[in-house]
Amino acid sequence: QRQMCIRDRLSAQILQLRDALQAMPDVVVLMDERGQLVWVNPSGIRLLQLQWPDDVGKPLAFWLRTPNLRAFLSGEGPSSLQLAAPSDAQLFLEGVRYPLADAGALVIFRDVTRIRQLEQVRQDFVANVSHELRSPLTVVRGFLENLLDGPLAEDEEVGSQLHLMEQQTLRMQSLVEDLLSLARMEAAEAEPERCDTIIFSALIEGVLDTLKPNISEKRLKIHKHLDETLGIFAEQVDLTSIVRNLLENAIKYTPAGRSISISWGRGPDGLRLTVQDTGDGIATEHLQRITERFYRVDKGRSRRMGGTGLGLAIVRHAVERYQGHLEVHSEIGQGAVFTALFPLSLARSAVSGENVS
Ligand code: ADP
C-alpha cells in the first residue's frame with residue numbers, strides 16, 4: 001500500500017515536470033550519447049520542424065544544417081551556437097548544450113531574435129552617426145586649413161586657437177574613422193568572396209613604411225621575424241587594421257631609443273602575428289578589460305598620445321572575424337606582447353596561393 005503511494009506520487013511529479021517542460025517557450029531537446037533524439041518539447045517540434053514521434057532515434061544533425069553543429073552537439077565544438085530556425089529564417093535561436101551524467105545531453109535553444117535585432121540597431125546607429133559626421137568634419141577641417149594659411153593666423157593668439165581647433169578636428173576625424181571601422185568589423189564574419197591570399201610579410205613591411213616617421217622620431221629599433229613564404233587567406237583591410245593598430249600602440253607606449261619586435265609565422269596552435277614592445281607594460285588588473293571600447297589605463301595619457309581608445313577593440317573584432325583570437329601578455333616594466341592567433345586553415349603558400357594548412 002505504502003509503495004503504491006510513493007509510486008503514484010513519483011509518477012505525478014514526473015508528469016508535472018513533463019508538463020512544465022512542455023509549456024516552456026524555449027526548445028528543450030534530449031539527446032542520447034550518439035546525438036539521436038530521445039525527447040523534444042512542443043516548441044522544439046514547431047521551431048525545429050520535427051515530426052513527433054517519427055523522428056525519435058534520428059540524429060539531430062539531420063535537420064539542423066549549419067556549420068559547427070556536429071561539433072557543438074558532440075560537445076567538442078563551441079559551447080553555444082546560433083542558428084536561424086528551420087521553421088522561419090527570420091528567427092534566431094541560440095543553443096546551449098548540457099551534458100548529462102549518463103552520457104547523452106540536454107540541448108536548449110532560446111529565441112534570441114530580439115537581442116540580435118537590438119544589437120543590429122545599436123551597430124547601425126553608431127555606423128550611421130559616424131557616417132553623417134564625416135562630411136561636416138571634412139568641411140570644418142578644410143576651412144580651418146584655409147584660415148591657417150591666411151593672414152588671420154599670423155596673429156599669435158588667433159593662430160594658436162586655430163591650431164587647437166585643427167587638432168581637435170583631427171581627433172574627431174580619427175574617432176569617426178575608428179567607429180566606422182569597428183562597426184564594419186562587428187557587423188559580420190569575414191566573407192570568403194572578399195578574401196584573398198595576402199602576403200602578410202609584405203603587408204607588414206608596407207605598414208612599417210607608413211609609420212617610418214614615428215619610428216625614426218623616437219629612434220626605435222624594429223626587429224622583424226617574418227615568414228615570407230607564409231600567406232594568409234583574409235581581407236586586406238582587416239589585416240592592415242590589426243598590424244597598424246598594434247604597431248601604433250607599440251610605438252606610442254615604448255620610450256625613445258628602445259626596441260619593438262614583430263613576428264609572423266606558423267605555430268602549433270595557429271598562425272601567429274606577434275607584436276612585442278619594451279615599454280612600461282600593462283598591470284595585470286587591466287589586461288582583462290584592455291580590448292573593451294574606450295577602455296584606457298590612463299585616459300589623459302592616451303588622449304595626449306592621440307589615442308581614441310578604440311584601437312584594441314578594432315584589433316580584437318578583426319581577429320575574431322576569422323574565428324581567431326587576440327592574446328595579451330604583460331607585466332609592469334616588462335613591455336607588452338600582443339598575439340593575434342588565426343586558424344591554421346587560413347594558411348596559404350605566399351608563392352602559389354595554395355592551401356597549406
Ligand atoms: P588608445 O587609442 O588609447 O591607445 P587602444 O584600444 O589602442 O586605445 O588601447 C587601450 C589602452 O591599452 C591604451 O589606452 C593603453 O593604456 C593600453 N595599451 C595599449 N597598447 C599598449 C602597449 N603596447 N603598452 C602599454 N599599454 C598599452
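The values are calculated or read from the model by the stated rules, or taken from the named source; none is laboratory data. Quantities reported herein were computed from a predicted structural model and do not represent experimental measurements. So basically every Cβ, Gly included, is an ideal-geometry build from the backbone, and we count neighbours across all protein chains shown. These area figures cover heavy atoms from the full protein model, side chains too; ligands, DNA and RNA do not enter into them. Shrake-Rupley method; radii C 1.70, N 1.55, O 1.52, S 1.80 Å.
Figures for the structure shown
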| item | result |
| --- | --- |
| Calculated FRET value between residue 149 and residue 258, using beta carbons and R₀ = 35 Å, to 0.05 | 0.40 |
| ³J(HN,Hα), Karplus 6.51/-1.76/1.60, whole Hz, each residue of the stretch 100-109, x for Gly, Pro | 9, 4, 9, 6, x, 7, 9, 10, 10, 10 |
| Protein accessible area in the stretch 152-300, 1.4 Å probe - carbon and sulfur % | 51 percent |
| Rel. contact order, % - alpha carbon contacts under 8 angstrom, at least six apart, the stretch 298-353 | 23 percent |
| Extended-chain gain in nm, criterion 0.36 nm per residue less alpha-carbon gap, residue 202 and residue 17 | 60.4 nm |
| Fraction of the pair-distance distribution of the stretch 34-179 above 26 Å, Cα-Cα pairs, percent | 53 percent |
| Dipole magnitude of the stretch 86-157, debye to nearest 20 (Cβ charges: Lys/Arg +1, Asp/Glu -1, about Cα centre) | 820 debye |
| Stretch gain in nm, segment residue 227-residue 351, where the contour uses 0.36 nm per residue and the Cα spacing is subtracted | 43.4 nm |
| Charge-dipole axis of the chain as Lys and Arg at +1 and Asp and Glu at -1 on Cβ define it, positive-most pick from 128, 288, 223 | 288 |
| Residue-normalised accessible area of the stretch 177-318, given per residue in Å² at a 1.4 Å probe | 48 Å² |
| FRET E, pair residue 217, residue 91, Förster distance 51 Å, beta-carbon r, rounded to 0.05 | 0.40 |
| Whole-Å distance, taken between Cα centres, linking the stretch 131-208 and the stretch 15-87 | 49 Å |
| Long-range amide H partners of residue 350 with built H, under 5 Å | 230, 231 |
| Length-normalised contact order for the stretch 74-197 - Cα pairs under 8 Å, 6+ apart - percent | 18 percent |
| Options 28, 14, 4, ranked by Cα towards positive dipole end of the stretch 1-48, top entry (Cβ charges) | 4 |
| Student exercise, the chain dipole from Lys, Arg, Asp, Glu Cβ charges, in Debye to nearest 20 | 1000 debye |
| Whether the chain is rounded, prolate or oblate, judged on the alpha carbon gyration tensor where a/c under 1.5 counts as rounded | prolate |
| Cα-based helix-to-principal-axis angle, 113-149 vs the chain, degrees rounded to 10 | 10 degrees |
